[in-house]
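Presented below is the structure to which this report refers.
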Amino acid sequence: MWQNTFKRSRIFRRYKEWTATICFSLAALIIALICAMGYLAYSGALNYTRKLYAETGHDLVERHIDYLDGFLAEYFDDLRRFSQMPELKNGNPQEAVEFLANAAPKKRRTLEVPAFASSDGHAIYADGREADISREFFFTHAMRDDGEFVAELYDVDLDDNDEFVIAKGVRADGESVGVVFYSMRFSSLVSPVSGMSIGDVFSGFVITSQGEFIVPLKTDSILNTDDDSFGRGNSDAMQNLVSRIAENPRGYAVLRSRFFPDEFVEWAEIKGTDWIIAISAPFSKIDLEVHDFKMRVILVCGILVVATIIASMLIFISIMRRHFSHRLTLQQTKDIDELTGLWTEAYFEELAVKIFNENPKSNYLILGVDIRGFRIMQQTEGIHAANEHLIKLSRRLDEIAREKKGIAARGHIDHFYLMYPISDKETALRELDSFLYNGNFLAGRLGELVPTKAGIVFTGKDYERDSIQNLIGKTSYAKHMSQDNLLRNYSVYDSNMETRILYEKRMERFIPIAFAHNEFYVLYQPKINLNDGKIVGAEALVRWKSAELGNVTPDNFIPLFERNGYINRLDFYVYKKVFEFMETQILKKEKKLVPISVNMSRFHLNDEKFVLKFTNLFREYSIPPQMVEVEILERSLGVADDRAREVAEKLHEIGFRVAIDDFGTGESSLSLISKVPADILKLDRKFMLGVQAASSSSDDELKVVRQIVEMARQLGKETICEGVETEQQVNFLRSINCDYVQGFFYSKPLSEKDFIEYLENHL
């Protein structure tokens, strides 16, 4: 009853009016935007095409002027040489021509004929012709000035016998005694100019500095509007061009006319002459290249305009039919994450159980995913920026869930879950790889990149069944296994992971005992100068010999220490041992020492007081700061580039050297060179795996090594390569001028005693 009363009221009528106004106003705005975008697209394409043709014209002129300059330079050089010969300085044409007939290069005889004219204008050519040239402009000019130049054409018929002249005055005892010159076939000039013409768009031509055509245009032009192709053309346009040439011997201009289309002209002065070689291209012919694009733009814009009108009508009708907005119930709101719009973890579990019960014969993939370095991201970029990353990731997961007919949810902070049906495990993993970017980032459809680590578990008819809570827990197990692998950001759960977790829990029980009993010790691996094979430094490496576990490899205990927080204590334990060793060597003045590098865990970037703690420990010892080098793992940077730069700058201020360790393993290696002020780039050992005695030069990874070493050298940084174990690897690195190496080829990691002995023998 009340609904009918409302629909008959004035408020409802005004509501319909406002709705119509808003809908059609928005439609009009969208149509205007479509038209504006279409116009901008067409204008952009037109400008781009004109610019492209202008660049092509510039290249043509540059290429042909270089050819003509080189071509004429040979003759100028000949004339300079001839004018200094005694055979010409006596002014006798007959003797001069006999000399020229033998001295002029025979390979060019088809293009030119050398000649000599005495001071009275009597000229004899090498082909036997004689002529009186006393009234020719080039003769009087050359007698007055011994500089070489190109004279006027003999005639304007342009048949096969047309010629032009390159001349130089001959002086003896300070006076002009004659003129030596080449009579050139006009075809030697016309041929390269003709090569500048491309279809009916580009046309090459040559004019004098006064605007007279030497080689005419072959197409209609502002510059050439008369039937007589040797006429002066449109005088206004030609004078405009001549004045521009006078201001700039090499350049371009757009000529305009009321009667002809605008025309692009590019020109360059031919050295040693008053001639200009140029190329012309009417815009009307260039613009035809974008005609089809213009028609497509009009068609697309028309379709979008019609679609906008139809859509606005449908929206208006829909709004009027449903004038009360749809709202989620309180129960629905409770099950949705407020920030991302995904399901909550609790409701995800309910839905998963329901799906399992309704489809017991299906198989499923469950993905647990976190944002890599999220806490650092919150601290360095702020809460708002970190939330934007959460939203980007949630959008992509929601897209995948919709596409695969699955469900997605957000758990605690940056934990997300995804579940969808699969046909088989192998196909599912291939599809999952397609959702990733370079194996390291989960990407949105708009190119939004979020660094992630993920764990996967399979369940269903063909796989182990378990409760949804345990399945989610297993994705967490797998996720822990992937967090140290930046080359692949996910791991698949298997039974071996539980075995490893049990082993790590056993290791954790003995960590306090290891610190109490000094079971950790330091080895030193020498760094070698490739130029002379001598030691230039060493890297401090930590090892653990447990009374209960035996020798525990760094690959096993370092990731565990990073996860449980013991890495901070371990690193400073190593720093203290290294500083004690170095001070002992310094106090023994007869002992020698080289700089020693220590590793900085990626988790120290999250500690704003790390540099202060490191410096306070260092200052307890009498060690020059330049003898200490701090290695920052490249893979630890990523979202913490700014923090890494700040740490590196503070270390530099104190005097320490900084290296980027394992360089080349991350996604942004090249950008790090400019972001983090490092002294040394330490190339990861993986690059050495591709070195083979016969094929090292063709290996893609080795090409990358060359580029990194070359770029580092240009930026004033040193390079060192790890994992060098063979002579082939040494030879390759020496060939690309890598500075230093370390590896078993020279030495394994050494105890303090063995390292001191190595120093004495190799320093």
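The values are calculated or read from the model by the stated rules, or taken from the named source; none is laboratory data. This structure is a prediction, so every number in the text was calculated from the model and none was measured. When we count neighbours, we look across all protein chains shown, and the Cβ atoms used for this are built from the backbone with ideal geometry, even at glycine. With ligands, DNA and RNA removed, areas are computed over all heavy atoms of the protein, side chains included. Shrake-Rupley method; radii C 1.70, N 1.55, O 1.52, S 1.80 Å.
Points worth noting:
- Residue ID - nearest to residue 301 (Cα to Cα), chosen from residues in segment 32-57 that are open to solvent by 40 Å² or more (accessible area, probe 1.4 Å) and modelled with pLDDT of 80 or more: 35
- Every test in (1) within 30 Å of residue 731 (Cβ to Cβ); (2) of a type in the set (Phe, Trp, Tyr); (3) loosely packed, with under 15 Cβ neighbours inside 10 Å is passed by residue 515 save one, and that test is (1).
- Residue identified as basic (Lys, Arg) and at pLDDT below 85 among 285, 354, 361: 285
- If you go through segment 484-499 and keep only what is at pLDDT 75 or above and either open to solvent by less than 70 Å² (accessible area, probe 1.4 Å) or in contact with a Ser or Thr (Cβ under 7 Å, 6 or more places away or on another chain) (or both), you end up with 490, 491, 492, 493, 494, 497.
- Reported count of residues in segment 742-753, each being free of Cβ contacts under 8 Å to residues at least 40 places away in the same chain and closer than 16 Å to residue 582 by Cβ, is 1.
- Looking across segment 737-762, the residues that are open to solvent by 20 Å² or more (accessible area, probe 1.4 Å) and within 41 Å of the chain's Cα centre (by Cα) come down to 737, 739, 740, 744, 745, 746, 748, 749.
- Residue 481 vs. criteria aliphatic (A, V, I, L, M), open to solvent by less than 30 Å² (accessible area, probe 1.4 Å) and not in a loop (DSSP other than H, G, I, E, B): no
- Top-ranked residue of segment 408-426 - restricted to ones that are over 18 Å from residue 350 (Cβ atoms) and either of a type outside the set (S, T, N, Q) or crowded, with 21+ Cβ neighbours inside 10 Å (or both), ranked as modelled with the highest pLDDT: 422
- Residues in segment 338-349 that are in a loop (DSSP other than H, G, I, E, B) and either among the polar types (S, T, N, Q) or crowded, with 18+ Cβ neighbours inside 10 Å (or both): 340, 342.
- Scanning segment 519-528 for residues that are part of a strand (DSSP E or B), of a type outside the set (Phe, Trp, Tyr), loosely packed, with under 14 Cβ neighbours inside 10 Å and over 39 Å from the mean Cα position of the chain (by Cα) turns up nothing.
- If only residues of segment 427-466 that are loosely packed, with under 13 Cβ neighbours inside 10 Å and modelled with pLDDT of 80 or more are counted, the one that is nearest to residue 360 (Cα to Cα) is 461.
- The single condition among (1) over 53 Å from the mean Cα position of the chain (by Cα); (2) open to solvent by less than 20 Å² (accessible area, probe 1.4 Å) that residue 68 does not satisfy is (1).
- Scanning segment 367-385 for residues that are within 19 Å of residue 601 (Cα to Cα), under 29 Å from the mean Cα position of the chain (by Cα) and in a helix (DSSP H, G or I) gives 374, 376, 377, 380.
- Answer residue from segment 195-212, given it is modelled with pLDDT of 70 or more and open to solvent by 10 Å² or more (accessible area, probe 1.4 Å) and is nearest to residue 255 (Cα to Cα) among those: 201
- One residue stands out among those in segment 75-88 that are in contact (Cβ under 8 Å) with a residue 12 or more places away in the chain and either more than 30 Å from residue 103 (Cα to Cα) or among the acidic types (Asp, Glu) (or both): the one that is least open to solvent (accessible area, probe 1.4 Å), which is 78.
- With respect to (1) out of contact with any strand residue (DSSP E or B) (no Cβ under 7 Å at 6 or more places or on another chain); (2) at pLDDT below 85, the lone exception for residue 508 is condition (2).
- Selection within segment 372-407 - among the hydroxyl-bearing types (Ser, Thr, Tyr), touching an Asp or Glu at 6+ places or on another chain (Cβ under 7 Å) and open to solvent by less than 20 Å² (accessible area, probe 1.4 Å): none
- Test: residue in segment 1-17 that is modelled with pLDDT of 75 or more, buried (at least 16 other Cβ atoms within 10 Å of the Cβ) and part of a helix (DSSP H, G or I): no
- None of 498, 519, 504 is more than 20 Å from residue 457 (Cβ to Cβ) and touching a helix residue (DSSP H, G or I) at 6+ places or on another chain (Cβ under 9 Å) except 519.
- Sole exception among (1) more than 37 Å from the chain's Cα centre (by Cα); (2) farther than 26 Å from residue 192 by Cα for residue 75, by number: (2)
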